[in-house]
Amino acid sequence: MDGPEAVLQEYGRSMNTHRFEEVAPLIDGDAVFWFSDGSAHEGIAAIREAFERNWAAIRNEVYRIEDVRWLTKDDRVAVCAYRFRWEGETKEGLRSGEGRGTSVLCFQEGAWRVVHEHLSRPAR
């Protein structure tokens, strides 16, 4: 993968495998993720736990990143804003949701990785 755009695209694809081993290489070990439910997860172990808990609660989830807008990019840092959508099966039946996201990617040790993700509920 040669740029942050490709990494973000692969990140979205790998999330739909529901296997953290597929997602982990795209996330920095010290990353900080803030989810739309207000939870915060620091470090790869906490992020893994959050992802796996979500995948257990929403079976067969399909996650999409859409309308990506790159706010800044240089040879070391890239920041984008986007909309996300998800759908899947919960205890209550088929559910779906959407929101807004911001991701910060950094080029470190020869690879682009997500160092921060902030998801929020859609504007009302």
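Quick notes on this one:
- Summed over the range 14-36, the residues that are surrounded by 14 or more Cβ atoms within 10 Å (Cβ to Cβ) and either of a type in the set (Lys, Arg) or without any contact (Cβ under 8 Å) to a residue 40 or more places away in the chain (or both) give a count of 5.
- Considering residues of the range 1-23 that are out of contact with any Ser or Thr (no Cβ under 6 Å at 6 or more places or on another chain) and aliphatic (A, V, I, L, M) only, the residue nearest to GLU52 (Cα to Cα): MET15
- In a residue-by-residue description of the range 68-91, the property of being closer than 23 Å to ASN54 by Cα and not in a strand (DSSP E or B) applies to at least one position.
- Of everything listed in (1) over 17 Å from SER120 (Cα atoms); (2) in contact with a helix residue (DSSP H, G or I) (Cβ under 8 Å, 6 or more places away or on another chain); (3) surrounded by fewer than 16 Cβ atoms within 10 Å (Cβ to Cβ), the single unmet condition for SER39 is (1).
- Scanning the range 42-50 for any residue that is surrounded by fewer than 15 Cβ atoms within 10 Å (Cβ to Cβ), small (Gly, Ala, Ser), under 23 Å from ALA123 (Cβ atoms) and modelled with pLDDT of 95 or more turns up nothing.
- Any chance ARG64 is at negative phi, touching a strand residue (DSSP E or B) at 6+ places or on another chain (Cβ under 7 Å) and either basic (Lys, Arg) or part of a helix (DSSP H, G or I) (or both): yes
The values are calculated or read from the model by the stated rules, or taken from the named source; none is laboratory data. For clarity, every value in this text was computed on a predicted model and none was experimentally measured. No Cβ is skipped: glycine too gets one built from the backbone with ideal geometry, and neighbour counts run over all protein chains shown.
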